1. Look at residue 27 and say whether it is buried (at least 17 other Cβ atoms within 10 Å of the Cβ) and assigned to a loop (DSSP other than H, G, I, E, B).
2. Please list, ordered by first then second residue, the pairs with beta carbon atoms under 9 Å, 6 or more apart or interchain, first in the range 56-68 and in contact (Cβ under 8 Å) with a residue 40 or more places away in the chain, second surrounded by fewer than 18 Cβ atoms within 10 Å (Cβ to Cβ) and part of a strand (DSSP E or B).
3. Using the structure shown, decide if residue 104 is surrounded by 11 or more Cβ atoms within 10 Å (Cβ to Cβ) and either over 12 Å from the mean Cα position of the chain (by Cα) or modelled with pLDDT of 90 or more (or both).
4. Would you mind finding the one in 33, 9 that is in contact (Cβ under 8 Å) with a residue 24 or more places away in the chain and out of contact with any helix residue (DSSP H, G or I) (no Cβ under 8 Å at 6 or more places or on another chain)?
5. Please enumerate the residues belonging to the range 48-71 that are under 22 Å from residue 83 (Cβ atoms) and outside any loop (DSSP other than H, G, I, E, B).
6. With respect to residue 21, is the statement that it is modelled with pLDDT of 95 or more, assigned to a helix (DSSP H, G or I) and either surrounded by 11 or more Cβ atoms within 10 Å (Cβ to Cβ) or under 14 Å from the mean Cα position of the chain (by Cα) (or both) true?
7. Could we say that residue 10 is surrounded by 18 or more Cβ atoms within 10 Å (Cβ to Cβ), part of a helix (DSSP H, G or I) and at pLDDT below 95 here?
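The values are calculated or read from the model by the stated rules, or taken from the named source; none is laboratory data. Here the structure is a predicted model, which means the values were calculated and not measured. Cβ atoms come from the backbone with ideal geometry, glycine included; neighbour counts cover every protein chain shown.
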């Protein structure tokens, strides 16, 4: 899967969770600005570790952390603050983004 194809799937996921109307073009820009050259915790490519398949193609799937960060970065590109978070009541951390549930007709 190419970056453009994966970005379209990432946009679907992000829009399903947060109703941002993010576009694949925005997600390609987010990838290129914030993820492309990032290193993972062990110094390897973050993208290779978390956003790509073993063959080097892009994964259509996002884990929670990447979904939340990409949504925040879309908002940043738009000149908006990051999405709101909700408190983790067990240890009182602001940990997760608040999903938007859109009622379908």
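1. Details: buried (at least 17 other Cβ atoms within 10 Å of the Cβ): yes; assigned to a loop (DSSP other than H, G, I, E, B): no.
Taking the combined requirement at face value, the residue does not satisfy it.
2. As it stands, the answer is 58/52; 59/52, since those pairs meet every condition given.
3. Working: surrounded by 11 or more Cβ atoms within 10 Å (Cβ to Cβ): no; either over 12 Å from the mean Cα position of the chain (by Cα) or modelled with pLDDT of 90 or more (or both): yes.
No.
4. Working: 33 fails: out of contact with any helix residue (DSSP H, G or I) (no Cβ under 8 Å at 6 or more places or on another chain).
Only one candidate passes the filter, namely 9.
5. Residues satisfying the conditions are 50, 51, 64, 65, 66, 67, 68, 69, 70, 71.
6. Numbers: modelled with pLDDT of 95 or more: yes; assigned to a helix (DSSP H, G or I): no; either surrounded by 11 or more Cβ atoms within 10 Å (Cβ to Cβ) or under 14 Å from the mean Cα position of the chain (by Cα) (or both): yes.
No, not satisfied.
7. On the way: surrounded by 18 or more Cβ atoms within 10 Å (Cβ to Cβ): yes; part of a helix (DSSP H, G or I): yes; at pLDDT below 95: no.
No; evaluated as a whole, the condition is false for this residue.
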